[in-house]
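Worksheet: one structure, shown below.
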Amino acid sequence: MEVFLQTLVAGTLKGGLYALIGLGMTLIMGVMGIINLAHGQIMMVAMYLTYVLFHYLGLDPYITLVITMPSLFLLGMLMQKFLLNPLIRVESLLPENQVLMTVGIGMVLTEVIRFIFTSNYLSVKTSYSSAAVFIGGISFSVALTIAFVFACVLTLLLFWFLLKTDLGRSIRAVAQDAEAAQLMGVNAERIKVLTMGIGSALVAAAGTLLLPIYYLFPDIGGPFTRRAFVITILGGLGSTVGAIFGGLTLGLAEAFSSTYVGMEFEEMIGLIIFLVVLLFLPGGIKSLTKV
């Protein structure tokens, strides 16, 4: 029973961060109607920025959130404005071309980072990276628990922004019906630029929060893009609430498969979930809960 509870705790904490990653991709998907396949690479850039700020300026990784989130917010906006929006304006081009552009962006980001930092594995070691607290015999990773709390706070702030502010309502309007929103005076192109920035800032936060407990190398973005994709499909395309459930489900699935099946199956379980959802629940959790 203790092993089960320990696995449950670890999976939930990890799932909270996965949910933050999935929220960024889901938000972009809902507004622009495309899957951002550079999502993990944007996260990777944030992780390297955190690494530089920690090693050269001595800033705690969690403090660097005030730098990495705005920086990647700006990068996301620039990508949308100058690389993706021009494709959207050309009506003869299919949405697939925008997806291909995100693939190209991801490749460029990876190779630029590889050129600067080489392919060596890097890490950020802090006093709390390997620390743990015990409650009733169950260990809680200090770094992962703090990251989970940050993820919860950022998620709540995102929902407050989407539900309570005029700008957030405009984002939801464009996600529901872009043409109708434009007729009501909403600048859909500006909203898409802003949404790409917010999605990039969210995944940047996840990268910064993960770095004290994760290794770093240029190709780390690929696995996290796959995870974000699985979460988006599992939660239901465009569903922010579904992304939270999807992230928690994936985190728990990885934790339990690693404990009871084998660590080598941890990466595989996400792809298995992806195939099962496509076969038996193509609408994701969204189709069940109507969220």
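The rows are residues; the columns are (1) crowded, with 17+ Cβ neighbours inside 10 Å; (2) among the aromatic types (Phe, Trp, Tyr).
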| residue | (1), (2) |
| --- | --- |
| Phe159 | no, yes |
| Met196 | yes, no |
| Tyr215 | no, yes |
| Pro218 | yes, no |
| Gly222 | no, no |
Among the residues of the stretch 180-224, which ones are over 18 Å from Leu87 (Cβ atoms) and among the acidic types (Asp, Glu)? Asp219
The conditions are (1) surrounded by fewer than 22 Cβ atoms within 10 Å (Cβ to Cβ); (2) in a helix (DSSP H, G or I), and Glu254 fails exactly one of them. Which is it? (1)
Residues of the stretch 30-44 being closer than 22 Å to Leu157 by Cβ and either surrounded by fewer than 24 Cβ atoms within 10 Å (Cβ to Cβ) or without any contact (Cβ under 8 Å) to a residue 12 or more places away in the chain (or both), which ones? Gly30
Based on this model, can you work out whether Val142 counts as in contact with a Phe, Trp or Tyr (Cβ under 8 Å, 6 or more places away or on another chain), closer than 23 Å to Leu20 by Cα, free of Cβ contacts under 8 Å to residues at least 60 places away in the same chain and surrounded by 11 or more Cβ atoms within 10 Å (Cβ to Cβ)? yes
Condition first: in contact (Cβ under 8 Å) with a residue 24 or more places away in the chain, crowded, with 22+ Cβ neighbours inside 10 Å and not in a helix (DSSP H, G or I). Can you find one or more residues in the stretch 230-246 that meet it? yes
Based on this model, can you work out whether Val66 counts as touching a Lys or Arg at 6+ places or on another chain (Cβ under 8 Å) and within 28 Å of Leu157 (Cα to Cα)? no
Taking the stretch 186-217 and keeping residues touching a residue at least 24 places away in the same chain (Cβ under 8 Å) and farther than 22 Å from Leu122 by Cβ leaves Glu189, Ile191, Lys192, Val193, Leu194, Thr195, Met196, Gly197, Ile198, Gly199, Ala201, Leu202
Residues of the stretch 199-240 being among the hydroxyl-bearing types (Ser, Thr, Tyr) and over 23 Å from Met77 (Cβ atoms), which ones? Tyr214, Tyr215, Ser239
Among the listed residues Phe4, Phe54, identify the single one that is over 26 Å from Phe274 (Cα atoms) and either outside any helix (DSSP H, G or I) or not charged (D, E, K, R) (or both). Phe54
Looking at Ser170 and the list (1) buried (at least 17 other Cβ atoms within 10 Å of the Cβ); (2) farther than 19 Å from Gly16 by Cα; (3) in contact with a Pro (Cβ under 8 Å, 6 or more places away or on another chain), which single condition is not satisfied? (3)
Criterion violated by Arg89 - all others in (1) surrounded by 15 or more Cβ atoms within 10 Å (Cβ to Cβ); (2) under 30 Å from Ala178 (Cβ atoms) satisfied: (1)
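Read-outs: derived from the displayed coordinates by stated rules, not from any lab. This structure is a prediction, so every number in the text was calculated from the model and none was measured. Please note: Cβ atoms are built from the backbone with ideal geometry, for glycine as well, and neighbour counts cover all protein chains shown.
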